[in-house]
Amino acid sequence: MTDEKTNKNTDKILIIDFGSQVTQLIARRVREAGVYCEIVPCQSAAEMLEDFAPKGVILSGGPASVTGLDTPRAPEALFSMNIPVLGICYGQMTLSAQLGGDVEQSDHHEFGRAFVDIKDDCDLFDGVWAKGERHEVWMSHGDRVNALAEGFRPVAVRENASFAAFADESRHYYGLMFHPEVTHTPDGAKLLNNFVTKICGITGTWSMSAFREKKIAEVRAQVGEGRVICGLSGGVDSSVVAVLLNEAIGEQLTCVFVDHGLMRENEAEEVVSMFGEHYDINLVHVDAADLFLGKLAGVDDPEKKRKIIGATFIEVFEAEAKKIGGADFLAQGTLYPDVIESVSFSGGPSVTIKSHHNVGGLPDRMNMDLVEPLRELFKDEVRVLGRELGLPESFVGRHPFPGPGLARRIPGAVTREKCDILRKADTIYLDEIRSNGLYDAIWQAFAVLLPVKTVGVMGDDRTYDYVCALRAVTATDGMTADYYPFPHEFLGRTATRIINEVRGVNRVVYDVTSKPPGTIEWE
């Protein structure tokens, strides 16, 4: 993305991605400091460096070993730009190797919680860590630095690594063996804040108010006199897109709400009431439940289900666009994580960890261009923009429920009966969460209808019904997650209600899977 799409007066950070699954978290921490940043895959970094004109660069982690043949490197031009550089994990290793240090593939791989001893002060640690202290960090590495390049000095050590952190403050180059971007390094965000504000000298002035004004102007310039059709699902992303576009182009916008039969209880009515009546947006309500469920009949592979639903959405939009006399643009709620993953470093895990986003354009036959006003934002930033636009908290604060909705929470074949069972169980679960004042403490909660049945006894009858799994996670950004520790009393009461009130379920389990850092999803 060039300065034409950002702000020419904005000081920016560029993050070069070497394939780490948590590279996005670096960007989140930088933006939390009020500083604009973007991520570029390492194979495209050389071209981006000149166009983007960053005030500093962060080199991410990655799964490769610097000691291997044909493993990625930072652009050589970076080291002649006279700007600060921070290398993290793999980024530390390639920074050291490219500047003349010695790196080896260690026999001692380290993944998880660890402690580092601070051996010297430096600007990166200023006000956070001091010489002589010990601090907790999160490690994930296989290489280690054996000898520093000229000009560097060690500032933190680990029992098996003499150079857990190093610095060359004359050039403002820093390397960290650990990951400051994850919450499991408690002071990591402060270190990144030091880098972008104190070392790079950027004042944290990037705001959502300024972003809103910029995006409205960009949409008006892109669309001109054209007509825009927007897929409105009622989720946070599409809701924010609809309200932003309505503010930007008004009557030129038509929103199409496709009721595919895979939504939660009463969601269709809420969407129609909010956007068709309260906001007075041109809204077309399409009841397509029979169409979607018919095409999903007998399909149990999650990738096939996703593709069927995506193709059917396009089919419906094509039909509706023709009914309104054609549209020049299709608006959708693509987020920055979707964009990053679609162009991620080809050797990294993120391109295979997630495949459910819709990025990369439309079929040629649709003859429409995309309008994607949120593609620079993370999920929690979209919520901030929603509040800036005046959307009610009931929509802005809603837990994410990614498309294809209930189909994603029904492993195996999807049927109308299963949807009805899951919808009722999910409603009870969320009702209990809300009535106990826990909704805002949880980032995402949902019920899952497992593709197994168990024998049970209810009263005097023997039953053979489905198992319902409950899932609730805490997160700040949707890219790392940990299960929510419900009290046993809550789980017992919720399970009892579901078994008693939902015909078709005779057993309830709670999923306490944790995988930090990483994203956990049911499919």
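The values are calculated or read from the model by the stated rules, or taken from the named source; none is laboratory data. Since the model is a prediction, treat every value here as computed from it, not as a measurement. Heads up, the Cβs are rebuilt from the backbone with ideal geometry, glycines too, and the neighbour counts pull from every protein chain shown. With ligands, DNA and RNA removed, areas are computed over all heavy atoms of the protein, side chains included. Shrake-Rupley method; radii C 1.70, N 1.55, O 1.52, S 1.80 Å.
Details
- Cβ-Cβ distances below 7 Å connect the following pairs, each with a first residue in segment 161-172 that is within 14 Å of V85 (Cβ to Cβ), a second residue that is of a type in the set (K, R), and a separation of six or more residues or different chains: F166/R153; A167/R153.
- Within segment 367-409, tally of residues that are within 26 Å of A321 (Cα to Cα) and among the β-branched types (V, I, T): 1
- Positions within segment 103-129 being open to solvent by 30 Å² or more (accessible area, probe 1.4 Å), modelled with pLDDT under 90 and over 18 Å from H184 (Cβ atoms), in sequence order: E104, Q105, D107, H108
- E225 in a loop (DSSP other than H, G, I, E, B) and either of a type in the set (K, R) or surrounded by fewer than 21 Cβ atoms within 10 Å (Cβ to Cβ) (or both): yes
- Hey, I229 touching an Asp or Glu at 6+ places or on another chain (Cβ under 8 Å), touching a residue at least 40 places away in the same chain (Cβ under 8 Å) and β-branched (V, I, T) or not: yes
- Check on A45, modelled with pLDDT under 90, on the phi < 0 side of the Ramachandran plot, open to solvent by less than 50 Å² (accessible area, probe 1.4 Å) and among the small types (G, A, S): no
- Cβ-Cβ distances below 6 Å connect the following pairs, each with a first residue in segment 433-460 that is closer than 16 Å to F401 by Cα, a second residue that is among the charged types (D, E, K, R), and a separation of six or more residues or different chains: F446/R409; F446/R471; A447/D426; V448/R409; L449/K418.
- Top-ranked residue in segment 436-464 [being part of a loop (DSSP other than H, G, I, E, B) and closer than 16 Å to Y510 by Cβ; ranked as most open to solvent (accessible area, probe 1.4 Å)]: N436
- Residue within segment 59-68 that is buried (at least 24 other Cβ atoms within 10 Å of the Cβ) and closer than 19 Å to E376 by Cβ present: yes
- G132 falls short on exactly one of the conditions (1) open to solvent by less than 60 Å² (accessible area, probe 1.4 Å); (2) of a type outside the set (A, V, I, L, M, F, W, C); (3) in a loop (DSSP other than H, G, I, E, B), and that condition is (1).
- Residue in segment 87-100 that is aromatic (F, W, Y) and either touching a Gly at 6+ places or on another chain (Cβ under 7 Å) or open to solvent by 40 Å² or more (accessible area, probe 1.4 Å) (or both) present: yes
- The combined condition, being of a type in the set (K, R) and surrounded by fewer than 21 Cβ atoms within 10 Å (Cβ to Cβ), is fulfilled by R416.
- Tally, over segment 85-106, of residues that are part of a helix (DSSP H, G or I) and over 25 Å from the mean Cα position of the chain (by Cα): 6
- So D143, is it open to solvent by 30 Å² or more (accessible area, probe 1.4 Å) and either over 28 Å from K12 (Cα atoms) or part of a loop (DSSP other than H, G, I, E, B) (or both): no
- For segment 10-27, the tally of residues that are of a type in the set (D, E, K, R) and surrounded by 24 or more Cβ atoms within 10 Å (Cβ to Cβ) stands at 1.
- Subset of segment 245-273 (residues that are in contact (Cβ under 8 Å) with a residue 60 or more places away in the chain, assigned to a helix (DSSP H, G or I) and buried (at least 23 other Cβ atoms within 10 Å of the Cβ)): L245
- Every pair of residues 6+ apart whose Cβ atoms lie under 6 Å, when the first sits in segment 286-312 and is in contact (Cβ under 8 Å) with a residue 12 or more places away in the chain and among the aliphatic types (A, V, I, L, M) while the second is crowded, with 18+ Cβ neighbours inside 10 Å and assigned to a loop (DSSP other than H, G, I, E, B): A288/H260; A289/G261; L293/G261; L296/V414; I309/P404
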